[in-house]
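Structure, as structure tokens:
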Amino acid sequence: MMKARKGGIAFLTSYVSKTRTMQQTSAQMSTAATNNGLLRKHLDRLRSSPNETLLLDGGTGEELFLRGVKDDRKIWSATAIVNEEYHRILEEVHKSFIDAGSQAITTNSYGITPGVGFTDGDEVKRLVGISGEIARRAATDEALVLGSLGPQVESYRPDLIMKHDEGVKTYQYPIEGLYPFVDIYLAETMSVLEEAFQVVDALSTFYQTQNQGEHAKHPLLISFTLRSDGKVRSGESVSEVIAKLIQRAYEKKVELIGVLFNCCEPEAITKALQEIRSCSDIHHHLYHPPLLSKRCTTTSLSEQIPTSQPPKIFLGAYANRLTPVHEEWTLESSDEAQAMREDLLPDEYWKEFVDRWHGNKDDGVAAGISNISLIGGCCGIGPSHISFLSSKLNNNNNINNNNQ
């Protein structure tokens, strides 16, 4: 059931009976992880060298609107799921990114949340399942499918997130609905560490509740949106956030494989990566730490985490092309789409930002940039951007020659 948002909507509905849920989920899990072999091949390849990358897709929502999907300012890109007439266009958008070179596409489930009026848990599961099915159909065996888990209330607003227990419960609905169709969960545009904690706890609870046994546990990527100064929207430093997030995932037995930054200006991502580069305390948790660093002060990780084989993550980034978003922005109060920048054409996005973020070369090091392995784009970054990135990164990506 969908209704117009009224301030802060509570997520009022509860799960169906435990027995029914477990039966349904058990049946779904038998069809899950259809690209698990491809996933592990990509992960092995990424671990093998800092030159290797996984090319993500761009901004699905903005691309949908360019192709004729109505820009509904209440439910945004969820329009393409709710209205069956747009399903074909959505599949075409996914395929356009794959044709451009994307090795992973993201489900169009970001906007299916209680914050815009989707307050029935079973309906959320059904709708995100549609997004997953469309993405999986488009991906075939060529690309990975990332299951998008967006903020449950508002994007960019750390002050409006749900209370912890409510958020954990709420995130379990899209987690369950996406499970049969995705290879990795992607919690994106997180504006505060607590929001990411809710996702980690929800995923941990989901696996425990469903007693998934021999079925695959999908790994998790978490991506934060940043302020212009390179800090998380909440004001937290990215180094602190990474350290605490790694510890939380380890304690909850969730396979966290990467931390990314998205839906913010690329200049902010550069600043965040510079901070990571300068903070050696977390470098032993990075697969490909920067070559230059200095000591910094971060929260000490739990003694339960082994020092001999510490959990490691990849870094990633997918900036948007939007003009800066005001700190009090809400979807409900926005009368029109955020204006786009004119200075982030494909070649500019590569030259000024992606090449420097990924650079393992002397000029990249001199600029103070970390090695990132997961690269793509957010709002306003289209197939032409991805095609340009693919042409530049392709020489280093050797998925067919790396069969570890």
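Residue order by solvent-accessible surface for Asp72, Asp122 is Asp122, Asp72, largest first, with ligands and nucleic acids left out and a 1.4 Å probe.
Here the Karplus relation 6.51 cos²θ - 1.76 cosθ + 1.60, evaluated at θ = phi - 60°, turns the backbone of segment 222-234 into coupling constants of 10, 10, 10, 8, 10, 7, 5, 8, x, 8, 4, 3, 6 Hz, with x for every Gly and Pro. Counting heavy atoms of the protein chains alone, Tyr185 has an accessible area of about 0 Å² for a 1.4 Å probe. Looking at segment 168-271 alone, DSSP beta bridges between its own residues are antiparallel in about 10 percent of cases. Taking label positions 7 Å along the Cα-Cβ direction at both Asp99 and Arg47, the computed distance is 3.6 nm, reported to one decimal.
In this view, the solvent-accessible surface of His284, computed with a 1.4 Å probe and all protein chains in place, comes to about 90 Å². If I compute solvent accessible area with a 1.4 Å probe over the protein chains, what percent of it on segment 57-188 is carbon and sulfur? Whole-percent figure for carbon plus sulfur exposure: 47. Couplings 3J(HN,Hα) for segment 192-209, derived from phi with the Karplus relation 6.51 cos²θ - 1.76 cosθ + 1.60 (θ = phi - 60°), are 7, 4, 4, 4, 5, 4, 4, 5, 4, 5, 5, 5, 4, 5, 4, 5, 5, 5 Hz, where x marks Gly and Pro.
If amide H atoms are built 1.01 Å from N in the plane of the peptide, which residues on other chains or at least 5 residues away come under 5 Å of the amide H of Glu255? Under 5 Å from the amide H of Glu255: Leu220.
Amide H contacts of Cys379 (H built 1.01 Å from N, in plane; Pro and chain starts excluded): Cys263, Arg321 sit under 5 Å, all sequence-distant by 5 or more or on other chains.
Annotation: Asp347 carries an accessible surface of approximately 80 Å², with a 1.4 Å probe and no ligand, DNA or RNA atoms counted. 3J(HN,Hα) along segment 243-254, derived from phi through the Karplus expression 6.51 cos²θ - 1.76 cosθ + 1.60 where θ = phi - 60°, amounts to 4, 5, 5, 4, 5, 4, 5, 5, 5, 8, 6, 9 Hz, with x in place of Gly and Pro.
Longer than 28 Å from Cα to Cα, which of Lys231/Lys252; Lys41/Lys163; Lys41/Lys70; Lys74/Lys271 are they? Say none if no pair is.
In this structure, Lys41/Lys163; Lys41/Lys70; Lys74/Lys271 exceed 28 Å between Cα atoms.
Ordered from highest to lowest accessible area with the whole protein assembly present and a 1.4 Å probe, Leu291, Leu38 read as Leu291, Leu38. Among 88-96, 372-380, 75-83, the peptide with the highest mean count of other Cβ atoms within 10 Å heads the list, and the full ranking is 372-380, 75-83, 88-96.
Residues whose amide H comes within less than 5 Å of that of Ser148, counting only those at least five positions distant or on another chain, are Thr107, Ser109, Leu186 (H built at 1.01 Å from N in the peptide plane).
The values are calculated or read from the model by the stated rules, or taken from the named source; none is laboratory data. Bear in mind the structure is a predicted one, so any value in this text is a computation, not a measurement. Using ideal geometry, Cβ is built from the backbone for each residue, glycine included, and neighbour counts are taken over all protein chains shown. Areas reflect the complete protein model, heavy atoms only, side chains present, ligands, DNA and RNA absent. Shrake-Rupley method; radii C 1.70, N 1.55, O 1.52, S 1.80 Å.
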